[in-house]
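S.K.: To start, I am sharing the structure in question, which I have written as structure tokens.
Computed from the coordinates by the stated procedures, all read-outs in this text should not be read as laboratory data. All figures in this text were calculated on a predicted structure; none of them were measured in a lab. Glycine gets a Cβ as well: all are built from the backbone with ideal geometry, and neighbour counts include every protein chain shown.
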Amino acid sequence: MTLLAVERIKLFSTRSPWWCMLLALGLTVGLTAIIAANWDGSPMPVMGAVFTHTFGLYVIMVMAALAVTTEYRFGTIKSTFQAAPDRTSPMIAKAVVVVLLSALVGLAASFGSWGLSWLLADDTSQLALSSGNDWRHVAGVGLVFGAGALLALGIGALVRQTAGAVSIILVFALVLENVVGLIPNIGDDIQNWMPFLVAQKFILGDPDPSGIPDGAGPPAIGELSPWGSFAYFAGIALAIYIISLVVVKRRDA
Amino acid sequence: MIEATGLTKHYGKTVAVDDLSFSVQPGRVTGFLGPNGAGKSTTMRMILGLDSPTRGKVTVKGRDYRSLHDPLRVVGALLDAKWVHPNRSARAHLQWLAKSNRIPSRRVDEVLDIVGLTQVAKRRAGGFSLGMSQRLGIAGALLGDPEVLMFDEPVNGLDPEGILWIRQFMHRLADEGRTVFVSSHLLSEMAQTAQDLIVIGRGKLISQTSTEQFIKDATEDTVRVRSPQLDRLRELLAGRARIADAAASDGALVVHGVEPSFIGELAAANGITLHELSPQLGSLEEAFMQLTKESVEYHAAD
Ligand SMILES: Nc1ncnc2c1ncn2[C@@H]1O[C@H](COP(=O)(O)OP(=O)(O)OP(=O)(O)O)[C@@H](O)[C@H]1O
Ligand SMILES: [Mg+2]
């Protein structure tokens, strides 16, 4: 319990987490506002309010990675391990704090986007959360942000440098996952298993048929069901995080 | 209090610490002396469980650091004053440290007061001068009111006033019965601070003695002798002087405790040819450099 308080003090006594959280929130809600205001001709579906969550996800992952890499950058990780020499307990405490916080930001971003869509969209007849799927589209963003933060913490602890960790996350999510689709023959099959694309299926997959605008294809790819997709993404995040715990424990601080 | 046995650390091919054994006693300031790169910081990191020894072990109060419960209450250390987030205030920095080991937050104000940082407690640590950073680091070390204190080159870059403050401060801590272990690469500094000295060179132990004894040994005049009949000369000198072989390759003797004239006459009387007979008078610092550079020599003399 005390270690949770420690990580909370550490996180909130510097400014960059605040900026990252505001940016994640502002980016997601702001872009949705533009989409909602310009949604003409058909009723805006619930899904339409959360297309932009990926932008917030990348920012929140940067925040999570920074929570570890700045400790290495400024040497405070050594003070941390001096105070808690088993190393695993402070790292877990950090994960609990960062993951919970990220999930909260995710919920704020998705419900904020959804709420704003009510105000800005012309036709809100399809915007009510009337099914389990609708709830998943919106509330699921919290889960994806939490899992993404865990993944970023693991990458940050393994790489130990801000620039390295942030480039790995962004290049993978924004470039690599899209480029693999261009590989002849097997590209599409590989793409179906790329973690960030699979995570999108959890949010956007299997919408209620009435929610899909006429003529639009399925909004997300992947072989798994939406919840299976989340389990896949969260599983990868957990695996990398656990590897980082083992490495951090063994490595010289 | 601090006990190292056969402590060894390799970084790839670099041997940073090599089979080091020593012990540090309570109630005294013990200096940890060695030139740059001798392995002082590495040893201290191993004491704190930050780096794992390749071989050997080191204990604090008989226990592995990593097995200590609330270790900040047992060992306080300042290894690097820069290990602070520059955008965090001095107080916030100490607060999270205190919290982690269940130290009451009133203690944060106490240590801020002890090191004289109360006025600037709310300012971001990144804007601190070197002296203030060093004081903040010391405040962190004192947080848990620990019995064992460790400082790595605490006076580096400080002005004379700051140096004096730290020196007196360490004496006060030792007088209270605590174990104070402080590193430096300057013998002249340690001569005024430490009662005991652990001297290392290239990761190896050179000597562990009282500072007084070390200085006496180090500043003693020596004579360097080279001769084709070195073995014979060695026999003649045996019993009258302490003899050490200088760095193995150049085949000279380093003789302690006799005048050059004595060796010259002894050689002449016995028909020994001398190729070199040079008195070695050094300053304290030069003598120290000599000792740490030619650690082999000193071992043979001991
Ligand atoms: N993390 C590391 N990785 C690789 N080599 C290291 C590491 N830390 C120390 N070394 C090497 O180990 C040796 C001892 O370094 P150390 O910093 O312990 O010496 P020191 O006595 O503290 O020196 P100084 O007086 O300069 O602080 C040096 O050769 C150094 O280059
Ligand atoms: Mg050092």
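S.K.: Suppose only helical runs count, i.e. DSSP H with n ≥ 4. What mean residue ellipticity at 222 nm does that imply for chain B under -39500 (n - 2.57) per run, divided by all residues and rounded to the nearest 500 deg cm²/dmol?
M.R.: Details: 11 runs with 108 residues, N = 302.
Helix-only estimate at 222 nm: -10500 deg cm²/dmol.
S.K.: Continuing with the same structure: Convert 4 °C to kelvin, take the viscosity as 1.567 mPa s, use the Kirkwood radius over C-alpha pairs of the protein assembly as shown as Rh, and evaluate the Stokes-Einstein diffusion coefficient in µm²/s, rounded to a whole number.
M.R.: On the way: Rh = 27.7 Å.
Calculated translational D: 47 µm²/s.
S.K.: What translational D, rounded to a whole number of µm²/s, comes out for region A:2-250 from Stokes-Einstein when the hydrodynamic radius is the Kirkwood one over Cα pairs, at 25 °C and 0.890 mPa s?
M.R.: Value of D from the Cα-based Kirkwood radius: 131 µm²/s.
S.K.: Mind pulling the per residue volume of the convex hull built on the Cα atoms of region A:1-87? Å³ is fine.
M.R.: It is 109 Å³ per residue.
S.K.: Another question about this same structure. Taking the dipole about the Cα centre of chain B, with the C-beta of Lys and Arg at +1 and of Asp and Glu at -1, give me whichever of B:Thr8, B:Leu186, B:His93 is farthest to the positive side.
M.R.: It is B:His93, whose Cα lies furthest towards the positive end.
S.K.: Debye sum, Cα scatterers, chain B, no solvent: what log₁₀ I/I(0) at q = 0.09, 0.13 1/Å?
M.R.: Taking Cα atoms of chain B as identical point scatterers yields -0.53, -0.91.
S.K.: Quick one: which of A:Lys10/B:Lys204; A:Lys10/B:Lys13; B:Lys9/B:Lys82 span more than 31 angstrom between C-alpha atoms?
M.R.: Long pairs (Cα-Cα over 31 Å): A:Lys10/B:Lys204; A:Lys10/B:Lys13.
S.K.: Which value, in debye to the nearest 20, describes the size of the charge dipole of region A:2-250 about its Cα centre when Lys and Arg Cβ atoms bear +1, Asp and Glu Cβ atoms bear -1, and nothing else is charged?
M.R.: 1560
S.K.: With viscosity set to 0.692 mPa s at 37 °C, what whole-number translational diffusion coefficient in µm²/s follows for region A:65-106 from Stokes-Einstein and a Kirkwood radius over Cα pairs? Let's see the in-between values first.
M.R.: Numbers: Rh = 10.9 Å.
The estimated diffusion coefficient comes to 302 µm²/s.
S.K.: Also: Quick check on packing: order A:226-235, A:79-88, A:167-176, A:194-203 by the mean number of other C-beta atoms within 10 Å, highest mean leading.
M.R.: Taking the mean over residues of other Cβ atoms within 10 Å, the ranking is A:194-203, A:79-88, A:226-235, A:167-176.
S.K.: Pull up all non-local amide H partners of B:Asp19: gap of 5 or more, or a different chain, and H-to-H distance under 5 Å with H placed in the peptide plane.
M.R.: Residues meeting the criterion, in which the H sits 1.01 Å from N, are B:Thr8, B:Lys9.
S.K.: What residue among A:Leu151, A:Gln161, A:Leu104 has its Cα farthest toward the positive end of the dipole of region A:77-188, where the charges are +1 on Lys, Arg and -1 on Asp, Glu, each on the Cβ?
M.R.: The listed residue farthest towards the positive side: A:Gln161.
S.K.: Quick one: among A:Leu151, A:Leu224, A:Leu66, which has the greatest mean-square fluctuation in a GNM of chain A with alpha-carbon springs under 10 angstrom?
M.R.: Ranking A:Leu151, A:Leu224, A:Leu66 by mean-square fluctuation puts A:Leu224 first.
S.K.: Under a point-charge model restricted to the Cβ atoms of Lys and Arg (+1) and Asp and Glu (-1), what is the dipole moment magnitude of the protein assembly as shown relative to its Cα centre, in debye to the nearest 20?
M.R.: Once rounded to the nearest 20, the dipole reads 880 debye.
S.K.: Moving on to the next point. Would you please give the residues with an amide H less than 5 Å from that of B:Gln280, counting only those at least 5 places away or on a separate chain, with H modeled from the backbone geometry?
M.R.: Close amide H contacts, sequence-distant or interchain: B:Thr222, B:Val223, B:Arg224.
S.K.: Further question: Using θ = phi - 60° and the Karplus form 6.51 cos²θ - 1.76 cosθ + 1.60, what ³J(HN,Hα) does each residue of region A:10-19 get, whole Hz, x for Gly and Pro?
M.R.: Residue by residue, region A:10-19 yields 4, 5, 8, 8, 10, 8, 4, x, 4, 4 Hz.
S.K.: Also, I was wondering about something else. Assigning unit charges at the beta carbon (Lys, Arg +1; Asp, Glu -1) and nothing else, what dipole magnitude in debye, to the nearest 20, does chain B show about its Cα centre?
M.R.: So the magnitude is around 1700 debye.
S.K.: To two decimal places, what compactness ratio does region B:1-145 give when its Cα radius of gyration is scaled by 2.2 N^0.38 Å?
M.R.: After normalising by residue count via 2.2 N^0.38 Å, the value is 1.13.
S.K.: Find the relative contact order for region B:1-54 and round it to a whole percent, using C-alpha pairs within less than 8 Å whose residues are 6+ positions apart.
M.R.: In percent, rounded to a whole number, it is 35.
S.K.: Could you work out the pair-distance distribution P(r) of region A:31-147 from its alpha-carbon pairs, with 10 angstrom bin width and percents rounded to whole numbers?
M.R.: 14, 35, 23, 15, 10, 3, 0
S.K.: Here's a follow-up. Please turn the phi angles of region B:172-187 into ³J(HN,Hα) values with the Karplus equation 6.51 cos²θ - 1.76 cosθ + 1.60 (θ = phi - 60°), one per residue in order, whole Hz, x for glycine and proline.
M.R.: 3J(HN,Hα) across region B:172-187, in whole Hz: 4, 4, 5, 4, 6, x, 7, 8, 10, 10, 9, 9, 6, 9, 10, 5.
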